[in-house]
Amino acid sequence: MLDLFSALDISASGMYAQRIRMNTIASNLANYESYTPEGEPFRKLVPVFRAEENPQDKTEVKVRVIAILQIPDTKLVYDPDHPYADENGYVELPNIEPVKEMIDMITAVRSYEANLKAFSMTTEIAKLTLELWK
């Protein structure tokens with residue numbers, strides 16, 4: 001029964017990590033053309049994950065979110081009419097590609113769904129095991 005709880009923990013850690021990933025992608029998409037009040041472009045957010053092994057059982061590996069980084073890259077676009085254009089007419093924009101972000105969102109959703117399916121199957125196995133013990 002203890003192994004069932006470990007499996008639930010692993011699936012839950014994967015769902016949590018993918019939820020964080022989806023939130024950062026949503027933030028990136030929402031701020032695709034955003035600026036701070038000081039005129040600085042929004043910096044893309046990227047979650048950083050780490051696999052953590054259980055010292056007693058090397059096959060048990062959970063996912064941990066260890067940081068959410070701001071990527072300092074921006075892109076320069078020539079747009080002299082933009083309110084944040086420099087003296088040469090270039091504007092510093094957030095380095096966010098909506099198509100790439102949507103692809104990342106789809107993979108995050110699929111990964112979340114896979115972890116949810118594993119979680120659901122594990123709970124179903126636990127229920128059936130308890131019914132057999134009756």
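The values are calculated or read from the model by the stated rules, or taken from the named source; none is laboratory data. All values derive from a computational prediction rather than experimental measurement. Here the Cβ positions follow ideal geometry from the backbone for every residue, glycine too, while neighbour counts run over all protein chains shown. Calculation scope for accessible area: heavy atoms of the full protein, side chains included, ligands and nucleic acids excluded. Shrake-Rupley method; radii C 1.70, N 1.55, O 1.52, S 1.80 Å.
Of note:
- No other residue among ARG50, ARG19 is closer than 30 Å to GLU113 by Cβ, at pLDDT 90 or above and in a helix (DSSP H, G or I) apart from ARG19.
- The lone criterion from (1) aromatic (Phe, Trp, Tyr); (2) under 21 Å from the mean Cα position of the chain (by Cα); (3) surrounded by fewer than 15 Cβ atoms within 10 Å (Cβ to Cβ) left unmet by PHE42 is number (3).
- Unique match (being closer than 28 Å to PHE5 by Cβ, touching a Ser or Thr at 6+ places or on another chain (Cβ under 9 Å) and either open to solvent by 70 Å² or more (accessible area, probe 1.4 Å) or modelled with pLDDT under 95 (or both)) among GLU124, GLU60, GLU131, GLU92: GLU60
- Of the listed requirements (1) more than 30 Å from PHE5 (Cβ to Cβ); (2) exposed (fewer than 13 other Cβ atoms within 10 Å of the Cβ); (3) more than 18 Å from the chain's Cα centre (by Cα); (4) not small (Gly, Ala, Ser), MET102 misses just one: (3).
- Filter result for ALA118 (in contact with a Lys or Arg (Cβ under 6 Å, 6 or more places away or on another chain), touching a residue at least 24 places away in the same chain (Cβ under 8 Å) and part of a helix (DSSP H, G or I)): no
- Selection of segment 63-82 for residues being assigned to a loop (DSSP other than H, G, I, E, B) and either loosely packed, with under 13 Cβ neighbours inside 10 Å or polar (S, T, N, Q) (or both) yields PRO72, ASP73, PRO80, ASP81.
- When ALA85 is tested against (1) without any contact (Cβ under 8 Å) to a residue 12 or more places away in the chain; (2) surrounded by 13 or more Cβ atoms within 10 Å (Cβ to Cβ); (3) part of a helix (DSSP H, G or I), exactly one condition is not met: (3).
- Residue count for segment 22-39, restricted to those that are closer than 30 Å to THR59 by Cα and either open to solvent by 50 Å² or more (accessible area, probe 1.4 Å) or in a strand (DSSP E or B) (or both): 1
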